[in-house]
1. What is the distance in Å between the Cα centres of region 38-106 and region 528-561?
2. So what's the gap between the Cα centers of region 576-645 and region 396-438, to the nearest angstrom?
3. How far, in degrees from 0 to 90, does helix 346-359 lean away from the longest principal axis of the Cα atoms of the chain, to the nearest 10?
4. Would you list, by chain and number, the aspartates and glutamates whose Cα falls below 17 Å from the Cα of Lys586, excluding same-chain residues fewer than 8 positions away?
5. For Lys321, give me every one of the lysines with a C-alpha distance below 24 angstrom, ignoring sequence neighbours fewer than eight places off in its own chain.
6. If you plug each phi of region 122-133 into the Karplus form 6.51 cos²θ - 1.76 cosθ + 1.60 with θ = phi - 60°, what whole-Hz ³J(HN,Hα) values come out, in order, with x for Gly and Pro?
7. Can you find, among Tyr133, Phe595, Ala57, the residue farthest towards the positive end of the dipole of the chain? Put +1 on the C-beta of Lys and Arg, -1 on that of Asp and Glu.
8. Using only Cα atoms and rounding to the nearest 10 degrees, what angle (0 to 90) does helix 315-331 make with the longest principal axis of the chain?
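Just so it is clear, none of the values below were taken in a lab; they were calculated from the coordinates. This one's a predicted model, so the numbers in the text were calculated from it and none came from an experiment. Backbone-built Cβ (ideal geometry, glycine too); neighbour counts: all protein chains shown.
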Amino acid sequence: MNSAKIIFLSLIAVLFPFMNFAQELPVYQDISKPVEERVEDALSRMTLREKVGLVHADRSYGAAGVPRLGIPENNLTDGPSGMRPEMVWQTWIHAGLASDSCTAYPALICLAATWNQEMGMLFGKSYSEEAAYRKKNMILGPGVNIFRTPMNGRNFEYMGEDPYLTSQMAVSYIKGVQSNNVAACVKHFAVNNQEHLRTTINAVVDERTLNEIYFPAFKAAVQEGNVWAVMGAYNKFDGQYCCHNSFLLQDVLKGQWGFDGVVVSDFGGTHDTEEAIENGLDLEMGTDLGSIEAYNRYKMADPYIDLLEKGEADEAVLDDKVRRILRMMFRTSMSGHQPWGALASEKHMADSRKIAEEGIVLMKNEGDVLPIDLSGVRRILVVGDNATRLMSRSGGSSEVKSKYEIVPLEGIRNRAGDRAEVIWQPGYSVNASESAADSLRKEALDAACTADFIIYIGGLNKELYQDCEGVDRQSFSLPYGQDELISGLAATGKKMAAVMVSGNSYAMPWIDEIPALVQAWYGGSEAGNAIASVLFGDVTPSGKLPFTFHGKLEDCAAHSIGEYPGDGETVEYKEGIFVGYRWTDKENIKPQFAFGHGLSYTDFSYGKIRLSAKTMTEDEAITVSIPVTNTGKRAGAEVVQLYVNDVKSSLPRPVKELKGFKKVYLAPGETAEVIFTVGKDALSFYDPSVHGWVAEAGDFKVMIGSASDDIRAEAGFRLADRR
Ligand code: GLC
């Protein structure tokens, strides 16, 4: 072989591995290309029917992709606190798989009670690793509807009564979820604040109340959380269904707020093809399942194709919907950056437990009954159906197929079983007849006589008319005769602590009879261990209430002047902006436990408040700082809350509004300088006469406290007109 040939063959041998035989990738498949370029390229290759196939469901939790182009289907999952079980393809029947058991995270009301954005980020990141593992590219959460009445069956899925707290916690959750290239879907937009007649009720809410109370969490989700999907609510707003409400979706969400993601209908919330097309719905999900024909009958399926093919619908409008869905896909399943994820791992269970522990609220602790000192305790009596009841697997669409759930009794036995005998009495039952209830109560009271410490575990549950989707509660009282049982146990004179598992507030006729009360929410897979950690002092409680616990239902604005549940057609939010503590402050009503309330096993003192200036203009900001010291003997965390009062305003304003909070962890004797920045936004209110936010010059006060009814320091300053 001559030398030239040898050289040529050597060159080939050296260069071969570097010769790119791969076909040039189409732009839409090239993850190095900008998302918008990929969107346009994919769109340009799709037929009209392929485009319509993207905008409606073709199974219970999914919608078609474009198999011809290698664009995958969209796989959505409920709920906000962990994955719902896989369903049989086109039904609402659990598939009974062995591979979809996962981590149950705490209910979002528990996350809100942590008042800690780091917990929100942890929650979202941990949960989306589970979703990624199961190849889901959208999580149908967080729910951010404001707690307007304690009768709402879904309050456990949301984050309380205050728009600022809800906004901050929702944004942190969304950022956590989307950090793994899984889309969060903030819901339900908007004013879905009751379950009673939820699919038809028309909510009437004035412009100022919308913007100050019910919009902020959605607006923050879009503008601060950069959320990639929003779910329309079932109800109507101002006479038009929210899932295709022109004002909400076009004017506000996509117009004013600049939302570039996907509007998903609540399932079965789409009622009109033309409205759905024209008013901003992008993806129609449904409940009418069972066959491909069923999906083809969806409002944005065959009816949409008919209109397009007759030239009665503008393909450019369809293209906008498809762009939004493709954009979400190129941010998620087709981003090339989704992690492999993990499912029900020890790490995820530990994450769930940490959030549950940080959300538990110590409401009352007279005589430091808690933490329980096991020395001298031979027998612990645990009483209550909620001590053994599984909670994460029910309650509606937020049900989670948890790999396991540690119930409170198990958690208590895990923690104290080697030091004391732990016995259990149900005390009450969900299905007991009156005579059976009497004997259950008697057995518990008899057992109390030989116990050294009583732990009562009660509250609500996920049964219908309790904390459950689709219906509201029918009573503000605890169910199943618990009030009488709690009083009976208290009357024994034994050391006692009551632990309430619920997502809502409730009447407490016994509150003065018991020394200690803990609000434990729905804690997920590790609920029982989290409760035990707090009860026995391994964890110092640091949760704060995300909503007001009213003493009686009439103290709640919606039940005083607000009109709940409406007349069957319409519900008018007559209380306006005065929701929760905004109402009790205005009316001088003393709540049972206030918004932001939560005790610790240690104590915190607040030093002198300092402002960086006594005057500011709306282009400036003031720094507010205050030293906080742990004066107790245990390490602990304090949520330092900042409220603002507008001394004089042209429209009525709340006495105070939450505009900042920081959770600080302090060792005994340690001091932290807690610093807030107060700018124009924190001083503004929404003025409907100018359809915008205004900060009026004049005097303001900042109030720093440990709760909305426990203000430790305040200082005045002036907002001057622009210099
Ligand atoms: C339900 C809920 C919504 C849920 C959806 C799918 O009715 O309102 O929150 O994500 O339908 O189950």
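1. If we compute the Cα centre of each part, the gap is 37 Å.
2. First find each Cα centre; the distance between them is then 36 Å.
3. Between helix and principal axis, roughly 50 degrees.
4. Filter leaves Glu161, Asp162, Glu212, Glu554, Asp555, Glu575, Asp646, Glu657, Asp709, Asp710.
5. Lys33, Lys51, Lys135, Lys136, Lys175, Lys187, Lys219, Lys236, Lys254, Lys299, Lys310
6. For region 122-133, the Karplus-derived couplings read 4, 4, x, 5, 5, 5, 6, 5, 6, 5, 5, 4 Hz, x marking Gly and Pro.
7. Toward the positive end, the furthest listed residue is Tyr133.
8. It is inclined by approximately 70 degrees.
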